[in-house]
Every structure is written in C-alpha cells, then in structure tokens.
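To keep things clear, I will list the structure first and then write my remarks on it.
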Amino acid sequence: MKVDKIIYNGKCQTMKKKAVVDWLAIKGDQIIKTGTGDGYKEYINKDTLLIDAKGATVSPGFIDSHFHMVQTAVNSTCVDLTDATSFDEIGKLIIKEGNRNPESEIHCIRLDVSKLKEHRFPNRHEIDKYWDRSPIWINSIEYQMSAVNTYGILFYKIPFNTVGVLCDEKQMPTGVFTASANAKLRSNILNSISDFYKQNAIESIMGDLAEKGLTTINAVEGGYMFSDRDAEFINALINRKEVYLDMELFFQTLDINRIIEMGLKRIGGCLYVDGTFGMRTAAISFEYKDAKGEHGILRFTQEKLNSFVEECYKRGLQLALYTIGDRAIDIAIKAHERAVDLTGNLSLRHRLEHGELPSKEHIKKAKDLGLIFSVQPTYEYYWGGKGSMYEERLGDYYMETNPFRYMLDQGLLLCAGSDSDVIPCDPMLCIFSAVNRKVKKHNISVYEALEMITSNAAYAIFQEDKKGYLEEGYLADIVVLNKDIFDIKAEDLKEVKVVATIKSGKIVYGDSDNYAKC
Ligand SMILES: [Zn+2]
C-alpha cells in the first residue's frame, strides 16, 4: 500500500499502554500503519513525503480543553497590558495606539492590578490625562473589572444605577466598573463587534495555534461576561469548516432549549458557580487571608443548581460547570449526586472546569460520579506557589490548590486547557507547569501531563475513538517536537518547540528543512 506521508525516526507516543513506536504512515486524513525499525520503507512511493523526527517525541495533536476562542482572537487585536506596572506605562501604550488609530475606540486587556505600583484600577480622570479623544476601555486580566475614560462613560452608556458602577463622593461615576456593570459593559462592547471582524481575528491567530501544536480546541463561548452571539458565530464557523483545526463548542448558557435547538450535545464551560481567587469571588469555606470576613460568592443556590443539573441529565446533555473554590465544587458535586440518584445516568462525562480547590471527599465523590476535572496547570505557573497571588489570597491553603497528584492517584480523569486568553495558550508550558509544581507534592509525570492534553482530553469530548492516540485508524492529528520530552530535564520542558503540526493528514505548521520527498 502506498501512503502520503511517513514520520520516521521518532519516539511516537501512541498513548495506549505507554507503547512507543518509531514511525507512523499517513494516508488521507488517517494514520494507517505504525511500527518499529525500518518497516516503513515498504510504504514509500515517489510521492511520499518523509518527515524525519530526529529522535524527538511525536505526540497526538494537542487538544486544549478550555479556550475562549472569540475572546482570544479579538483580544489579539487589543492593547495588551500584561506587562504594565504603573498608570504611566498604561498611558504610554494607550497614546501609542491612539496615535495609530485616532478615531477608534481603544480596547485594552489583561490589566493585572497586583502588578501596578498603584495597586488599583485607574479612574476616568487618570485615564483622561493620557487620552480623551476617543473611548477607552480597560479590562482586567480575569475579565471581572473594567475602567473607562470620561469619553467612554458617555459612549458606552451604562446606567449609573447599575450594580457595580463605582461612584465618587459626589455620586459621579469614577469610571471603574465591577459586578453587573462590568458584565454589561463587556457584553455591550463584545456585542458591537461584527462577525466579519471576529472571523478575520480568528483567522489571524490560526498560525500561532498551529505553531503550538493545537489540532482541537474546546471553544467555550457566550453567556455572562461574554456575548451569546459568539457561540452562534463559532457554531456557524464549525459548520462551514473554514479554519484548519477542530472546534468543539461549549455554549455558556443556562438556556437548555436553545442548546437542543442548535443541535448541541453539551452545555456550559465558564458557567459560573463562583468567581476567581484574584477577585476574591471564588467561594471558599475559609476566610480570604487578605480580606476579613470574605468567603467569595456563589452564583447559584443549591436548589437552583440542583434543578438545572437535573434537567441536563434528563435531556442527555454533557454539562461543564465553572467551579474554583471548595464551596462551589461542593454544591456542584451535591447537585450531580442528586441527579445521579434520580436518573442513574453515569455516562454523560460531565465536567468541572478549573475545580481548583477540591477536598479529598470531593475527589472521591467526583470519581464515583464519573466527573472529569478540566484543569489549568498553567494557572499554577503564573499564580501558584510561595509568595504568589494564591498565597496572598488563600494563606497556607495555597499549598492545596490543584492537587493533581492526589486526584490522579484517586483515579480521577483530568483534561487540561489554557483558559486562553486569561492565560496564553501554550501546551508545552502546560506540561511544564504540571510536572514542575511549586508545591512539589502535586507534581505529576510528563506522561500524565501529556495524557491531559491528548487522550484524556479526547475522552472529555467523547472523541477517544478517533483522536488523542497515535494508532491505526485514528485521525492523523500529530505533533512532532524538537526534543524527546521523556529524556530531558523537567525544567527544560518549557523550551521545547513544535517542529511540525499535522491536522487530519495535512501539514498546518512545519519547518520544511525536516521534510524530503522520496
Ligand atoms: Zn474560562
């Protein structure tokens, strides 16, 4: 039999029982043969493309289990404040963008207030000093807070009596928005962005995703703080198959009927049961170390969550609930326990997104209920460990966040995502972060980390029969790396690069020096 492509001289991780093979033969969109030694030679013809993996790891294509696609794409066109450490630095970036595009709104993202020397959001007067000729919107890294200039107050027209419009002593808006006001401002702005703009923005980030080895992403779209139009737009984009990678839509809505009408089999994503550690809104059973008397916020009562979860079971929908603190995980697990009691259905592979602070009891129950934890190892890289934001907020409980080692030892299935673009999408950094935890007892192996973004992630979207493995009959979604990641120091994992990404048999990223026609 003749084949289109052969990857040889690799350490090809099949992800089945830790088996490693030397080569893969690809025909059309599938892997049709795998093997060791030089058995591949019989499949070569004059048109076969040979890809020399040079002894490095070859992995199933990476699957990002939690990715805000429209946000990531649109944000790639915004002013990035990630590195800003003062109002003056923010001002300089705004002036640069304003001079480039003087008539347009200026959207600034990823402001991390804890990095600012002022340790707070700028108010409208402070932003006006830098730019007052067009509307400016600044959003926090976790999306939970915004600021606008005075032009922005007039332009975005958020009613002053909305909860979360912060006012000064004269009862005038300061330009800083939290809670409902922030959510409304965000969704007004996001709703005003055209599909054409979104499509261009998405197309423009595809090259970056291919370079990272991504072949499938779980697109978590719509709902509170986002725009429902994004979910419909992504659904249409999936149906038109206009981008190179596969997207699985998770629509963040409570509207089950709408999900059924759209023909979707799953619901949720960032369907908020609580908030974030950063904003002290994640619901925890102890007091925030840096805010007396605060325990975070639950966005559902137990009763409301029970009835929603029950309905998802009855309608046969896979459900992904956003939970971060232990109190949120607790009510989510209680709702699932009750729904399983009522329906006996354990086959829907429901997910808890993030699930950062589960107790041992939660982990045991989650395992019994067949729940999957969709986790973000890279959070720990940015926010975990001693002296980090988690320690500031949680005190000694920072040592208990994301207990991957214990979760896996208890038999829980973990899939991983970036939560782009809260955190940049970088699968190798994800592996690095899971293997090199700052609190060492939570470390997992390279293989376990790889499972989280390949085979486990495929299982978490019911696609383990066609993705997540390098085996005959599987889709040819393949990543070739520049190192054998099982034979380098753990601290070097984040320097590993992708040399080729193959999606459904097509090379979507690659360094052509590696390839030779026969
Ligand atoms: Zn998210």
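Between their Cα atoms, which of Lys198/Lys386; Lys16/Lys386; Lys115/Lys265; Lys92/Lys441; Lys16/Lys241 are more than 32 Å away from each other? Could the numbers behind the result be given before it?
On the way: Lys198/Lys386 39 Å; Lys16/Lys386 37 Å; Lys115/Lys265 41 Å; Lys92/Lys441 43 Å; Lys16/Lys241 29 Å.
Those over the limit are Lys198/Lys386; Lys16/Lys386; Lys115/Lys265; Lys92/Lys441.
Under 20 Å from a label point 7 Å along Cα→Cβ of Glu471: give me every residue in region 1-21 with its amide N that close.
Within reach of a label on Glu471, which here means backbone N under 20 Å from a point 7 Å along Cα→Cβ, region 1-21 contributes 7, 11-21.
How large is the helix-only mean residue ellipticity at 222 nm for the chain, computed as the sum of -39500 (n - 2.57) over DSSP H runs with n ≥ 4, divided by its residue count, in deg cm²/dmol to the nearest 500?
-9500 deg cm²/dmol
Could you tell me the distance between the Cα centroids of region 450-518 and region 154-177, to the nearest Å?
49 Å
Fully extended, how many nm does the chain gain between Ser104 and Lys304 (0.36 nm per residue separation, minus their Cα-Cα distance)?
67.8 nm
Rg over Rh of region 245-340, using C-alpha atoms and the Kirkwood radius, what does it come to?
Radius of gyration relative to Kirkwood radius: 1.04.
Just subtract the alpha-carbon distance of Asn257 and Ser76 from 0.36 nm times their residue separation and send over the number in nm, one decimal.
61.9 nm
What would the Debye formula give as log10 I(q)/I(0) at q = 0.12, 0.17 Å⁻¹ for the alpha-carbon point model of region 1-131, no solvent?
Rounded to two decimals, the profile gives -0.65, -0.85.
Expressed as a whole percent, how much of the Cα-Cα distance distribution for region 382-493 exceeds 19 Å?
Here the long-distance tail beyond 19 Å is 53 percent of all Cα pairs in region 382-493.
Once the dipole of the chain is set up with Lys and Arg at +1 and Asp and Glu at -1 on Cβ about the Cα centre, which of Ser86, Ala500, Tyr406 lies farthest towards its positive end?
Of the candidates, Tyr406 comes out farthest on the positive side.
Dipole size in debye (nearest 20) for the chain around its Cα centre, Lys and Arg Cβ +1, Asp and Glu Cβ -1? All intermediate terms of the calculation are to be shown ahead of the outcome.
Details: 65 positive and 74 negative charges, 113 e Å.
Once rounded to the nearest 20, the dipole reads 540 debye.
For Lys27, list long-range residues whose amide hydrogen, built 1.01 Å from N in the peptide plane, is under 5 Å from its own amide hydrogen.
Excluding prolines and chain starts, which carry no amide H, the hits are Asp4, Ile32.
Please check which bits of region 83-115 a label hung off Phe155 would reach, taking the label as a point 7 Å along Cα-to-C-beta and the cut-off as backbone N under 12 Å.
Answer for this model: 98-99, 101-108.
Please state the charge dipole magnitude for region 307-389, taken about the Cα centre, from unit charges on C-beta atoms (+1 on K and R, -1 on D and E), reported in debye and rounded to the nearest 20.
In debye, rounded to 20, region 307-389 gives about 120.
Treating only the Cβ atoms of Lys and Arg (+1) and Asp and Glu (-1) as charged, compute the dipole magnitude of region 378-466 about its Cα centre; round to the nearest 20 debye.
Taking the Cα centre of region 378-466 as origin, the dipole is about 280 debye.
Where does each of 459-468, 314-323 land if you order them by average Cβ count within 10 Å, highest first?
Packing proxy ranking, top to bottom: 314-323, 459-468.
Which value, in Å³ per residue, describes the convex hull spanned by the Cα atoms of the chain?
Dividing the Cα hull volume of the chain by its residues yields 155 Å³.
Using only the alpha-carbon atoms of region 74-178 as identical scatterers, what base-10 log of I(q)/I(0) does the Debye formula give at q = 0.23 Å⁻¹?
Here log10 of I(q) over I(0) equals -1.33.
Bear in mind these aren't lab numbers, they're just calculated from the coordinates by the rules spelled out. These figures come from a predicted structure and were not determined experimentally. So basically every Cβ, Gly included, is an ideal-geometry build from the backbone, and we count neighbours across all protein chains shown.
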